[in-house]
Amino acid sequence: MRAYRSFISLLVLIFAFACAGLTSPAALAQEWGAVSGTIKASDSGFPIPGATVLVAGTNFGTASDEEGAYTLRLPIGQYVLRLSSIGFETRFDSVTVRSGRTSYMNRVLRPSTTELDAITVEGAREVRAGVFGISPEQVRNMPTPMPDALRALRVLPGVVTNNELSNQFSVRGGGFNENLFFLNGFEIFLPFRPRTGEQEGLSLINPDMTERLTLYAGGFPVRYGGKLASAVDARYRRPNADADSLRFAIHVSLLDAGLTASDAALGGKLGWVVGIRTAQARRFFQTQELEGEYQPNYTDAQAWLGYRVRPGLEIEWLGMLAENEFRLDPNGRKTFFGTLSQNELLAPSNLQSLWIRFDDGNEETDAYRTLFSGLRVTSRLTPSFRAEHDVAIYDTEETELLDLSGTAVLYQVDPGSDNPDEGEGLFPTGSSRQEDAADNRIDVQTITGTGRYLYTRGRSLLEAGWSVRSFRFEDRLNEKSVVVGRATNGDVVRIVADSLNDAASLSTSQTSIHVQNSWDVLANEPGRLTVTGGVRFDGFRFTDEWTASPRASFTYKANPITTWFGSVGIYHQAPTYRELRGKPEIGESILGALNADLKSQRSLQIVLGGEYFIPSRRFFFRAEAWMKDIDQLISYDIENVRVLYSGENDAHGSAHGLDLQLRGELVPGMESWLNYSYLVAREEFDDDFLTSRNAGSVSRPTDQRHTVSLFVQDYIPSDPTWRLHLRTLYGSGLPYTPPVPGEQIGNVVEQVPGDRHSARYTRFFRFDIGATKEIPPERTGSRMRIELTAEILNLFDMINTVSYSWVPDAVGIWQRIPTRLTPRTVNVRLTARF
């Protein structure tokens, strides 16, 4: 009920902002005026209904009514308006908008023999089922701890959110490991074995180098294969061959810094882009409850090079080196939790606190080193036939060194104490000691060769392709977790909660073939109905399995303002090393735990939706309903961001949901949007794997029922050099499995998993806001653009929980201790482009 009330309150807040126009503090001070008039035909003098009135170069505007009349509210300033209608020539006129006043502009349009669209939509995107885009500029403007392409995707429909520290995410009920990532057509990967979001560092997609970023949230075509949930396709820009093609971009903030350069030479035959980023987010991580010496150091360097050998033959190369290291010397932790009553007689307070004191010399070091190199040759053999061949190597080394030991003391807190943070009013109710040690390492290398062939004939585009990939995994695990307590006679008892010391290597390969055809069906109405169909075949040598994945989709433009779309298809995800290994039993080797009988997870997915353009408000409303039927599931649990697979095809499941989006420009040239997603994801274990703890239909780990995201861009009309950006993320609680008492040894009661996913975390809510001041160049015509940005992250200082730990009290009952995310933080960034 509490989560429901929070969700309703959030919707009311957003609705009030939208109705009142108070989307940012500066919106209160905005000054607006209006432009009104009529639009008529020059030859007849009759009014033109449905004529489009736009601010030139934007999608901000309105449409005339049946009498040809229109009214367009605008921030004060000077504008060029674009007037157009089907069968008439487009006209441009200037207008000045003054505060609180209406400027009148009556215009006539001359008939034209050129057929125009009935509704003009500037910068219209291709609309397809499950496809959403975000521009690099929007990524850079978004108030986030570090400008990161993957973290920015959380403001798109269908993306589950609950952790600002991680760049991993879930799409439409899928797992973290069910997403594909492509950079200029080359597949890249996320870290294989992180425990917490702090360890991950920067994602491998550099937003300063990016030209286009697309999320396929469902129904993605057959050229993207091997995963169940989504595909992310990022494209780096290619410099234009002009006299001023050399470009630089530099940004420096309290948390990160970056440099990007690009140029074109040899008459445009040669182009290059180079980017270097570094982040040392010590200040950001030190705001957490776990105190200590944080030493994060994330660095990457990337380069893209393209060369046109001759017309029809191009070569491109992409390379990167990423070094992400997270070091922590913990001192202690203080966490207060529980309830504080305003009426002790009606409901007494139950405020508790956990204090952890770590031993001297404790340290945690996590490092991720990634090397990537990809080469592609594109040949256009005829005007209608193009072939692409590429080879890529991806090599990553992940190490984890952990030596943590300390004593946790659980206190009951007197709610009337003046300074409990300094120890006043604290009464110890239990304690425990835990020792965690790990010296783990995993090396992963993939070598991939692909071919892709495209042939255009008439109104159809035929595509075929193949892929061969070799995998090599070198895994070493040496970890132990010990709980220390006392027996009934007072002797010290050491309980090994988890222990594994082994090494293994795995070398295998995957092969795929796909063919696809896209038809522009209606010859007399090009572009109105597009149908795409294809099939993909995947083979995995380790499990000796081949799968077939047929898929089809359509897009139908019913009229200039309404588009319908849908897709249906089969998706397979072959098990990789993490799924194959599962959870080794005590005494079982890693290699022995690899399950060669494991089958690919399979999902039938159906998406149906539509997009409607509202001419009078220039807004797009989009709705998508979707469902998934999944079998041969490999169940898993999530601890913070670590995914622990069962290593068995032990369940089947389903998911369904609805994604809604309202998108448009609240001010000219700056797009904003509001998303709402509803999701249900369930699973049922097969008979051979049923227990009393997982019987029946239970929630999957990513079953986040309600998700709301809001991204608003605005500026001050009296001074457009001031821009404001706002991001809001809300997600209802994700499920988790609470522990129950197990065997008692002395005064220590072991904990074992309880009913699967029978409890939920608290809701996740963040409100981030930023203001940017553009400093005009001193010299007219200068390309120099300097911006100063100030951001307040988690403006309302919301408390968000990512996981729970458990500590026994004096009678052996385990108490739930929240692991919380970051509180309110301030960041300042300076950006220069020239």
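Could you check region 264-273 and list, in sequence order, the residues that are surrounded by fewer than 17 Cβ atoms within 10 Å (Cβ to Cβ) and either among the hydrophobic types (A, V, I, L, M, F, W, C) or assigned to a strand (DSSP E or B) (or both)? Correct list: Ala265, Leu266, Leu270. Answer with yes or no whether Asn162 is open to solvent by 10 Å² or more (accessible area, probe 1.4 Å) and either under 23 Å from Ile393 (Cα atoms) or free of Cβ contacts under 8 Å to residues at least 12 places away in the same chain (or both). Here the answer is no, as Asn162 does not meet what is asked. Checking each residue in region 525-543 for being surrounded by fewer than 16 Cβ atoms within 10 Å (Cβ to Cβ), charged (D, E, K, R) and touching a residue at least 12 places away in the same chain (Cβ under 8 Å) picks out Arg528, Arg541. Being in contact with a Ser or Thr (Cβ under 7 Å, 6 or more places away or on another chain) and of a type in the set (A, V, I, L, M) narrows it down to one residue among Ile570, Ile606, Ile614, Ile590; which is it? Within the list Ile570, Ile606, Ile614, Ile590, the selection yields Ile570.
Among the residues of region 564-573, just one is open to solvent by 20 Å² or more (accessible area, probe 1.4 Å) and in contact with a Phe, Trp or Tyr (Cβ under 8 Å, 6 or more places away or on another chain), namely Trp564. Among the residues making up region 711-751, those that are modelled with pLDDT of 85 or more and not in a strand (DSSP E or B) are Ser732, Gly733, Leu734, Thr737, Pro738.
The set of residues in region 165-177 being within 22 Å of Ile634 (Cβ to Cβ) and either part of a loop (DSSP other than H, G, I, E, B) or open to solvent by 10 Å² or more (accessible area, probe 1.4 Å) (or both) consists of Ser166, Gln168, Phe169, Arg172, Gly173, Gly174, Gly175, Phe176, Asn177.
Within region 810-824, work out how many residues are open to solvent by less than 30 Å² (accessible area, probe 1.4 Å) and modelled with pLDDT under 75.
If we filter region 810-824 for residues that are open to solvent by less than 30 Å² (accessible area, probe 1.4 Å), which is where we start, we get 812, 817-818, 821-822.
From what is left, the residues that are modelled with pLDDT under 75 are 812.
Within region 810-824, residues that are open to solvent by less than 30 Å² (accessible area, probe 1.4 Å) and modelled with pLDDT under 75 number 1.
Cβ-Cβ distances below 6 Å connect the following pairs, each with a first residue in region 386-400 that is without any contact (Cβ under 8 Å) to a residue 60 or more places away in the chain, a second residue that is open to solvent by 50 Å² or more (accessible area, probe 1.4 Å), and a separation of six or more residues or different chains: Val391/Leu375; Ile393/Ile447; Asp395/Leu371; Glu397/Arg369; Thr399/Arg441.
Conditions (1) in a loop (DSSP other than H, G, I, E, B); (2) under 17 Å from the mean Cα position of the chain (by Cα); (3) among the acidic types (Asp, Glu), marked per residue:
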| site | (1), (2), (3) |
| --- | --- |
| Leu679 | no, yes, no |
| Ser692 | yes, no, no |
| Thr702 | yes, yes, no |
| Ser709 | no, yes, no |
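Out of Asp360, Asp421, which single residue is open to solvent by 30 Å² or more (accessible area, probe 1.4 Å) and without any contact (Cβ under 8 Å) to a residue 40 or more places away in the chain? Explain how you work it out, then say what you get.
Numbers: Asp421 fails: without any contact (Cβ under 8 Å) to a residue 40 or more places away in the chain.
Selected residue: Asp360, the only one of Asp360, Asp421 that is open to solvent by 30 Å² or more (accessible area, probe 1.4 Å) and without any contact (Cβ under 8 Å) to a residue 40 or more places away in the chain.
Please find, among Thr299, Thr260, the residue that is part of a strand (DSSP E or B), surrounded by fewer than 19 Cβ atoms within 10 Å (Cβ to Cβ) and among the hydroxyl-bearing types (Ser, Thr, Tyr). Explain how you work it out, then say what you get.
Numbers: Thr260 fails: surrounded by fewer than 19 Cβ atoms within 10 Å (Cβ to Cβ).
Step by step, each of Thr299, Thr260 is checked, and only Thr299 is part of a strand (DSSP E or B), surrounded by fewer than 19 Cβ atoms within 10 Å (Cβ to Cβ) and among the hydroxyl-bearing types (Ser, Thr, Tyr).
From the list Thr446, Thr396, Thr450, the lone residue that is in a strand (DSSP E or B) and either open to solvent by 30 Å² or more (accessible area, probe 1.4 Å) or at positive phi (or both) is Thr450.
Summed over region 41-88, the residues that are in contact with a Lys or Arg (Cβ under 7 Å, 6 or more places away or on another chain) and either assigned to a loop (DSSP other than H, G, I, E, B) or under 20 Å from Ser103 (Cα atoms) (or both) give a count of 13.
In region 782-804, what residues are of a type outside the set (Val, Ile, Thr), under 21 Å from Thr287 (Cα atoms) and in a loop (DSSP other than H, G, I, E, B)? Even if it seems obvious, please write down each step before you answer.
Of the residues in region 782-804, the ones of a type outside the set (Val, Ile, Thr) are 782-785, 787-788, 790-791, 793-798, 800, 803-804.
Filter once more, keeping what is under 21 Å from Thr287 (Cα atoms): 790-791, 793-798, 800, 803-804.
Selection gives Asn794, Leu795, Phe796, Asp797, Met798, Asn800.
Here's the yes/no breakdown for (1) open to solvent by 40 Å² or more (accessible area, probe 1.4 Å); (2) touching a Lys or Arg at 6+ places or on another chain (Cβ under 8 Å); (3) within 30 Å of Ile86 (Cβ to Cβ); (4) among the acidic types (Asp, Glu):
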{"residue": "Leu580", "(1), (2), (3), (4)": "no, no, no, no"}
{"residue": "Lys583", "(1), (2), (3), (4)": "yes, no, no, no"}
{"residue": "Asp597", "(1), (2), (3), (4)": "yes, no, no, yes"}
{"residue": "Arg602", "(1), (2), (3), (4)": "yes, no, no, no"}
{"residue": "Leu608", "(1), (2), (3), (4)": "yes, no, yes, no"}
{"residue": "Ser635", "(1), (2), (3), (4)": "no, no, no, no"}
{"residue": "Val641", "(1), (2), (3), (4)": "no, yes, no, no"}
{"residue": "Glu648", "(1), (2), (3), (4)": "yes, no, no, yes"}
{"residue": "Gln661", "(1), (2), (3), (4)": "no, yes, yes, no"}
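Yes/no matrix, rows are residues, columns are (1) open to solvent by 20 Å² or more (accessible area, probe 1.4 Å); (2) modelled with pLDDT under 95; (3) within 19 Å of Ser589 (Cβ to Cβ); (4) not in a strand (DSSP E or B):
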site	(1), (2), (3), (4)
Asn478	yes, yes, yes, no
Val496	yes, yes, yes, no
Ser512	no, no, no, no
Ser518	yes, yes, no, no
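The values are calculated or read from the model by the stated rules, or taken from the named source; none is laboratory data. Note that the structure is predicted; figures quoted are calculated from it, not measured. Because the Cβ atoms are built from the backbone with ideal geometry, glycine has one as well, and the counts that use them run over all protein chains shown. Side chains included, ligands, DNA and RNA excluded: accessible areas come from the protein's heavy atoms. Shrake-Rupley method; radii C 1.70, N 1.55, O 1.52, S 1.80 Å.
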